[in-house]
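Down below is the structure, laid out as structure tokens.
The values are calculated or read from the model by the stated rules, or taken from the named source; none is laboratory data. Since the model is a prediction, treat every value here as computed from it, not as a measurement. What goes into the accessible areas is simple: the full protein's heavy atoms, side chains included, and nothing from ligands, DNA or RNA. Shrake-Rupley method; radii C 1.70, N 1.55, O 1.52, S 1.80 Å.
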Amino acid sequence: MTDDPLDPLIHVPARLRIVATLAALQEGDTLSFTRLQDMVGLTPGNLIVHLRKLAEAGYLSSEKNGNGAGSRTSVALTSRGRAALDAYLHTLRDLLGDL
């Protein structure tokens with residue numbers, strides 16, 4: 001998490017879609033890379049870049065099973081990622097509450 005009012009890592013629309021989609025899963029559940037790609041509407045290259053940034057921050061984990069064409073990558077939100085999204089949503093509600 002960051003000290004900025006709205007976490008800039010999550011604030012990017014594509015990453016917000018990724019985090020929100022993964023947050024809808026039960027804790028410990030995963031989505032395959034291809035299913036997540038379909039759900040958030042990103043190209044494989046764009047999704048990889050965003051997932052890498054979120055993983056570097058500790059917001060998500062991924063696991064690759066197999067090699068080559070038969071490999072499968074699973075993605076899940078970590079507890080740190082859930083906490084970051086909760087803080088982001090709380091801050092956003094506070095900002096919008098004055099409207």
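The three principal axes of the C-alpha atoms in the chain carry coordinate ranges of 51, 24, 21 Å, sorted with the longest axis first.
Over segment 11-56, what percent of the accessible surface lies on carbon and sulfur atoms, probe 1.4 Å? Carbon plus sulfur share of accessible area: 52 percent.
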